[in-house]
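Values quoted throughout were computed directly from the atomic coordinates according to the rules given, and no laboratory measurement underlies them. Everything numeric here is computed off the predicted structure, so don't read it as measured data. For neighbour counting, all protein chains shown are included, and Cβ atoms are generated from backbone atoms with ideal geometry for every residue, glycine included.
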Amino acid sequence: MSDTSVDIDVLIVEDEPKLASVMVDFIRAAGYAPRWVANGAQVAAAVAGHMPHLIILDLMLPGRDGRDICRDLRSISDVPIIMVTAQAEEVDRLLGLELGADDYVCKPFSPLELVARVKAILRRARIHAHPETSPLQLDEARLQATYRGAALDLTPIEFRLLATLASRPAQVFSRNKLMDRLYTDGRIVEDRTIDSHVRKLRRKLEAIAPEEDVVQSVYGAGFKLVL
Ligand code: CA
């Protein structure tokens, strides 16, 4: 795949099927990979082990209210959230500290306007993905990593594991997803192979920063990098 944006997952949470279908079409046409759920109660399952890059979240939903979903998501992830609301007076609260959405659109909105917001937020998110002040520095060409200024002596597979987790900090990668990224030759490996690489990587990070828990396990879901 030459177009890198094809891999950007956008979750659309919208209970009006016609509107959702328009949103899915426009998001796909913009080069992203849309997923759609219609019921608020389905969001938790939709993001478990596979956090999208961005979520478009309707406010009024069956199953679970958009505000509650936003709060749930914020407690586990910094995933960008665009709220969709018919209530213009709600906007301050949506974007405020209480809910922490990144942006909003008011119904009725033009799909092109929505796509423009999505693009702007993803651009912004990418700028912040690898801040120069990050304690972790990766040299992908040389497969060399430093943490807090100290060199990490990593095997190529440990480097790829670390680079994969670092590509989306604070987001959970399932073992399956990690296996896909680490063994691109389609080789079948067991779950515990990943666990063994994670253990070795942790040991090397702990040798530099014993107080920190950089590669964290998320029970039943996978692993995430916390810098
Ligand atoms: Ca609705």
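Quick notes on this one:
- Among THR85, THR146, sorting on how many other beta-carbon atoms sit within 10 Å of each Cβ, with the fewest leading, yields THR146, THR85.
- About the centre of its Cα atoms, the range 136-225 shows a dipole size close to 120 debye [charges on the beta carbon of Lys, Arg (+1) and Asp, Glu (-1) only; nearest 20 debye].
- Convex hull volume of the Cα atoms of the chain, normalised per residue: 141 Å³.
- Calculated on C-alpha atoms, the gyration radius of the range 136-225 divided by its Kirkwood radius gives an Rg/Rh of 0.94.
- Relative contact order (%) - the chain, alpha-carbon pairs under 8 angstrom, separation at least six: 14
- Principal-axis analysis of the Cα atoms of the chain puts helix 156-167 at an angle of about 30° to the longest axis.
- Evaluated with a Cβ-only charge set (Lys, Arg +1; Asp, Glu -1), the range 9-127 carries a dipole of roughly 440 debye about its Cα centre, given to the nearest 20.
- In degrees, nearest ten, helix 17-29 long axis to first principal axis of the chain (Cα): 50
- Axis of helix 66-76 versus longest Cα principal axis of the chain: the two differ by about 10°, to the nearest ten degrees.
- Mean Cα-pair separation over length for the range 9-127, i.e. relative contact order, pairs under 8 Å, 6 or more apart, %: 23
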